Amino acid sequence: SKEEDSTISILPTSLPQIHRANMLAQGLPAASKISPLVNKKSKTKWHFGIRSRSYPLDVMGEIYIALKNLGAEWARPSEEDLWTIRVRWKYDNGSINNNNGNMTMISNNSNNINSTNTMTSSNDAIPDLMKMVIQLFQIETNNYLVDFKFDGWENSNGQVVTNSNISEDEMSTFSAYPFLHLTTRLIMELAVNS
Amino acid sequence: AGENVLLEQRLAVESIRTFLNSKTSYDVLPVSYRLIVLDTSLLVKKSLNVLLQNNIVSAPLWDSQTSRFAGLLTSSDFINVIQYYFSNPDKFELVDKLQLDGLKDIERAIGVDPLDTASIHPSRPLYEACIKMMESRSGRIPLIDKDEETRREIVVSVLTQYRILKFVALNCRETRFLKRPIGDLNIISDQNLKSCNMTTPVIDVIQLLTHAGVSSVPIVDENGFLVNVYEAVDVLGLIKGGIYNDLSLTVGEALMRRSDDFEGVYTCTRNDKLSTIMDNIRKSRVHRFFVVDEAGRLMGVLTLSDILKYILLGT
Amino acid sequence: LATSSIKHNTLCVASIVRYKRKYVTQILYAPL
């Protein structure tokens, strides 16, 4: 289309600088007090996991205390790898609130697992145990990193989650929100405790 | 020649509809993109910081108690909060401590209908998403899928009229054949047009946004010449500055909050063609066109919704 | 998991997830 046909333009008086000059020229008292919004594009600075300068064993201790307070359970760490924690968290859909408004978590003795699982149409129980791997890394002297990784789902009634029939590509409809939510709970617990 | 233009326009519109039916909402998504989601237990005033810090005006909500998607936070919610505060100036404490999951109570308290957020699966045809989006007032539609293992909802993204029209303008060469003047297409909103002037109190303009169900109010001078526009998204800056409690502010003073990267108000005339309108949408961040006459008097408005409706359903 | 410094008592965590053949950086803001 030939540009010269177009009468599309930008209204000069609507440009912020010109509008402000016009308003100030009218000498209105309020006008001089109102400053423009600074749309600072403060680029969010991202880090892997959370950093810590505490002594490694103290960091691990704090994590275990936080996990216990949140009602999570974990596998006994192997001697050769004290810096990795394999965690399991009960994550009910819907009926989640217990008396103090927290997530209903599995306690250490796993016999009081809530056996009522929501059933999907294909009669498989919806997996309600989220697994997570928490690992401590040393970045440099006195500078450590706690890394959190999602490690799949399990059924609290022990049924193995079968998803063999789902191709790798289809499998990618994965919701990160439960994982993100639980890590925020854990980070809050660590922040509050520390 | 007139016949040619009519025929070309009709064929172009049909071709664009075929294109919209051949693509899915998933196709509109960039290969890599960010999706910012807010936990419903966040304070409303904190969520405002998050939107402004990320230069966005809307975000999906996540209810971690039910582990479900809980609708969209949009500028309408902030407008509701301002109106609630204006009617209940003693409730400052409540407004200050209001969480996102309390916005529904605010809607009920001021008697506005909740924004019906229809949603759609990302693999449905884009044409279907557009039709669904037009039925909802928010001008945007969340794309929701389900986690294969846990059946939990996934908010994949939120499509807006702006992004769909930009996708069409960037990918449909046929937009160049839309050469009929927009004044002949009967798509300009020019009946019962709401407007205000620079000294109108900003609270009256905000109430006009809600009562008229529009997302912008043109500002004209005493002779009807268009001077500026107050947009729903300007409310975020008003609240951020905490000046919403001085609601005797005029709309002209409130507009001084606008940040310098505001691109300005786009105007056009009835003689402009949809091809040049789409070309501007392709090149710029424009959300509506105000139609003026040769001298600059306000005649009407052409919104993205009007354009999309014409492309989808226009005769 | 990616995290950003806590500002205004608000936590911000993120993870990059593959969605079919595209990549979504899902960012969740939650109150501390």
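Can you name every residue in segment B:101-122 that is β-branched (Val, Ile, Thr), within 15 Å of B:Leu209 (Cα to Cα) and at pLDDT below 85? Give the steps one after another, and end with the answer.
First pass over segment B:101-122, keeping only residues β-branched (Val, Ile, Thr): B:106, B:110, B:112, B:117, B:120.
Those still in the list that are within 15 Å of B:Leu209 (Cα to Cα) too: B:110, B:112.
Within segment B:101-122, none qualify.
Within segment B:22-46, the residues that satisfy the criterion of being touching a residue at least 12 places away in the same chain (Cβ under 8 Å), over 17 Å from A:His181 (Cα atoms) and not in a strand (DSSP E or B) are B:Ser22, B:Lys23, B:Ser25, B:Tyr26, B:Asp27, B:Val28, B:Leu29, B:Val44, B:Lys45.
Just one of the listed residues (B:Asn49, B:Asn55) is within 14 Å of chain C (Cβ to nearest Cβ), of a type outside the set (Ser, Thr, Tyr) and at positive phi, namely B:Asn55.
Right, B:Val155: buried (at least 18 other Cβ atoms within 10 Å of the Cβ) and more than 18 Å from B:Tyr310 (Cβ to Cβ) or not? Give the steps one after another, and end with the answer.
Details: buried (at least 18 other Cβ atoms within 10 Å of the Cβ): yes; more than 18 Å from B:Tyr310 (Cβ to Cβ): yes.
In short, yes.
The set of residues in segment B:90-110 that are in contact (Cβ under 8 Å) with a residue 12 or more places away in the chain, in contact with a Leu (Cβ under 9 Å, 6 or more places away or on another chain) and more than 14 Å from chain A (Cβ to nearest Cβ) comprises B:Asp96, B:Lys97, B:Leu98, B:Leu100, B:Gly102, B:Leu103, B:Ile106, B:Glu107.
So that you can scan it fast, the table gives a plain yes or no per residue for (1) away from chain A (no Cβ under 14 Å); (2) assigned to a helix (DSSP H, G or I); (3) over 20 Å from B:Leu304 (Cβ atoms):
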{"residue": "B:Gln191", "(1), (2), (3)": "yes, no, no"}
{"residue": "B:Ile206", "(1), (2), (3)": "yes, yes, yes"}
{"residue": "B:Val217", "(1), (2), (3)": "no, no, no"}
{"residue": "B:Tyr230", "(1), (2), (3)": "no, no, no"}
{"residue": "B:Leu236", "(1), (2), (3)": "no, yes, no"}
{"residue": "B:Ile239", "(1), (2), (3)": "no, yes, yes"}
{"residue": "B:Ser248", "(1), (2), (3)": "no, no, yes"}
{"residue": "B:Gly252", "(1), (2), (3)": "no, yes, yes"}
{"residue": "B:Leu255", "(1), (2), (3)": "no, yes, yes"}
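Scanning segment B:123-133 for residues that are farther than 23 Å from B:Cys172 by Cα and either within 18 Å of the chain's Cα centre (by Cα) or without any contact (Cβ under 8 Å) to a residue 24 or more places away in the chain (or both) turns up nothing.
Taking segment A:131-158, which residues are among the β-branched types (Val, Ile, Thr) and either in contact (Cβ under 8 Å) with a residue 12 or more places away in the chain or under 17 Å from A:Ser175 (Cβ atoms) (or both)? Passing the criteria: A:Val133, A:Ile134, A:Ile139, A:Val146. Residue count for segment C:8-24 under the criterion of being buried (at least 16 other Cβ atoms within 10 Å of the Cβ) and either more than 7 Å from chain B (Cβ to nearest Cβ) or touching a residue at least 12 places away in the same chain (Cβ under 8 Å) (or both): the result is 7.
Considering only residues that are within 12 Å of chain A (Cβ to nearest Cβ), hydrophobic (A, V, I, L, M, F, W, C) and in contact with a helix residue (DSSP H, G or I) (Cβ under 7 Å, 6 or more places away or on another chain), which ones fall in segment B:141-168? Correct list: B:Leu143 only.
When segment B:176-235 is filtered for residues that are within 21 Å of the chain's Cα centre (by Cα) and of a type in the set (D, E, K, R), the ones remaining, listed by number, are B:Asp190, B:Lys194, B:Asp204, B:Glu231, B:Asp234.
Set side by side, the residues B:Gly296, B:Gly314 differ, and just one is away from chain A (no Cβ under 12 Å) and either under 18 Å from the mean Cα position of the chain (by Cα) or surrounded by fewer than 22 Cβ atoms within 10 Å (Cβ to Cβ) (or both), which is B:Gly314.
Take B:Lys166 and decide whether it is among the charged types (D, E, K, R), under 20 Å from the mean Cα position of the chain (by Cα), under 29 Å from B:Arg257 (Cα atoms) and not in a helix (DSSP H, G or I).
Working: among the charged types (D, E, K, R): yes; under 20 Å from the mean Cα position of the chain (by Cα): yes; under 29 Å from B:Arg257 (Cα atoms): yes; not in a helix (DSSP H, G or I): no.
It is false that B:Lys166 is among the charged types (D, E, K, R), under 20 Å from the mean Cα position of the chain (by Cα), under 29 Å from B:Arg257 (Cα atoms) and not in a helix (DSSP H, G or I).
Which one is farthest from the other protein chains (Cβ to nearest Cβ) among residues in segment A:22-32 that are part of a helix (DSSP H, G or I) and exposed (fewer than 12 other Cβ atoms within 10 Å of the Cβ)? The extreme case among them is A:Ala25.
State yes or no: is B:Ser58 under 21 Å from C:Lys22 (Cα atoms), among the small types (Gly, Ala, Ser) and in contact (Cβ under 8 Å) with a residue 40 or more places away in the chain? Spelling it out, it is not the case that B:Ser58 is under 21 Å from C:Lys22 (Cα atoms), among the small types (Gly, Ala, Ser) and in contact (Cβ under 8 Å) with a residue 40 or more places away in the chain.
The values are calculated or read from the model by the stated rules, or taken from the named source; none is laboratory data. Remember, it's a predicted structure, so these values are computed and weren't measured experimentally. As a convention, Cβ positions derive from the backbone with ideal geometry for all residues, glycine included, and neighbour counts pool all protein chains shown.
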